[in-house]
1. When you go through 9, 36 one by one, which is the residue that is surrounded by 15 or more Cβ atoms within 10 Å (Cβ to Cβ) and touching a helix residue (DSSP H, G or I) at 6+ places or on another chain (Cβ under 6 Å)?
2. Read through the list (1) surrounded by fewer than 21 Cβ atoms within 10 Å (Cβ to Cβ); (2) within 18 Å of the chain's Cα centre (by Cα); (3) acidic (Asp, Glu), then give the number of the only condition that residue 22 fails.
3. So which residues in the range 61-77 are of a type in the set (A, V, I, L, M) and outside any loop (DSSP other than H, G, I, E, B)?
4. Considering only the range 187-263, give the strands (runs of 3 or more DSSP E) lying wholly within it that have at least 3 residues that are under 21 Å from the mean Cα position of the chain (by Cα) and touching a residue at least 60 places away in the same chain (Cβ under 8 Å).
5. Of a type outside the set (Gly, Ala, Ser), in contact with a strand residue (DSSP E or B) (Cβ under 6 Å, 6 or more places away or on another chain) and open to solvent by less than 50 Å² (accessible area, probe 1.4 Å) - does that describe any residue in the range 207-229?
6. Name every residue in the range 175-189 that is surrounded by fewer than 21 Cβ atoms within 10 Å (Cβ to Cβ) and under 26 Å from residue 99 (Cβ atoms), in order of residue number.
7. If the requirement is being touching a residue at least 40 places away in the same chain (Cβ under 8 Å) and buried (at least 18 other Cβ atoms within 10 Å of the Cβ), which of these qualifies: 134, 157?
8. Go through the residues of the range 78-85 one by one and say whether even a single one is surrounded by fewer than 21 Cβ atoms within 10 Å (Cβ to Cβ) and either assigned to a strand (DSSP E or B) or at pLDDT 95 or above (or both).
Amino acid sequence: MASANEWQVDLSKARVLLVNDDGLEAPGLKLLEKLVTPLAREVWVVAPEREESGTGHAFSLHRPLRLRQASERRFAVDGMPADAAIIGLGEVMRDNPPDIVLSGVNRGPNIGDDVMYSGTVGAAAEAAMSGFPAISMSLDRAPENEAKWETVERHMADTLHWILAASWPLGMVLNVNFPDVGPDAVKGVKVATVGRRKPGGEIAKGLDPAGKPYLWISSKRIYGDVSADSDIQATRDGYISMSPLTLDMTDYRHIAAAREKLG
């Protein structure tokens, strides 16, 4: 049983909020809704109106947001992923809040430094900061490969049951990545550290149709530490990776030294 500062969710009794960063009509969100609906008591969806990948935890502070009801318990927000989480928790489900928030399934990995840029993780982080259990989920995919949604479909229920069988501290995000392999090639679930690989490894230059120069930041990654226990290596090896992410960015290892240096 979870303590006062922990959470544990029985999915069969849970009201679930689904969010994402690929938009309301994204195949990963529709698949997540399809897979979770038979497992949960009630499922609600609040997602961006269109794709908002790479927006991280940004939210709309200087403009109004529009909320559109697409169908029963399905809503679109003309904002970013964190906006969708805020509106979902603070407006759509305000009177009957969810027991857990699931973000995804993103079409592409959110491993390594992706977690700092990811709208999928950002939406889950917003839920966690608001005091709700939160899981972000993504499907690894090489740029040249089609997304292997059948892998998610085969392993989603078991992965959720495996995670939810334990209790977890409030104020954290559990970040899950399915590997870029077929469903039969998945080796299991591995708890992994967050590796190092950031976008921006290449900047393309060109001219737009009006002849004006532009710069385009590519998604090519710059790799740093890829240790054996990292999420990067786990997915490379065919495992579903699960990384607990803390939202407290304080570097506790060096805080004493910093205080000493600054007096």
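1. 9
2. The one condition residue 22 does not meet is (1).
3. Within the range 61-77, 67, 70, 76, 77 meet the criteria.
4. Of the strands (runs of 3 or more DSSP E) lying wholly inside the range 187-263, those with at least 3 residues that are under 21 Å from the mean Cα position of the chain (by Cα) and touching a residue at least 60 places away in the same chain (Cβ under 8 Å) span 240-246.
5. no
6. Within the range 175-189, just 189 meets the criteria.
7. Sole residue among the options that is touching a residue at least 40 places away in the same chain (Cβ under 8 Å) and buried (at least 18 other Cβ atoms within 10 Å of the Cβ): 134.
8. Checking the range 78-85: at least one residue is surrounded by fewer than 21 Cβ atoms within 10 Å (Cβ to Cβ) and either assigned to a strand (DSSP E or B) or at pLDDT 95 or above (or both).
The values are calculated or read from the model by the stated rules, or taken from the named source; none is laboratory data. In this text the structure is predicted, and so the values were computed from the model without any measurement. FYI the Cβ positions are ideal-geometry reconstructions off the backbone, even for glycines, and counts take in every protein chain you see. Remember, those area values only see protein heavy atoms, side chains included, never the ligands or the DNA or RNA. Shrake-Rupley method; radii C 1.70, N 1.55, O 1.52, S 1.80 Å.
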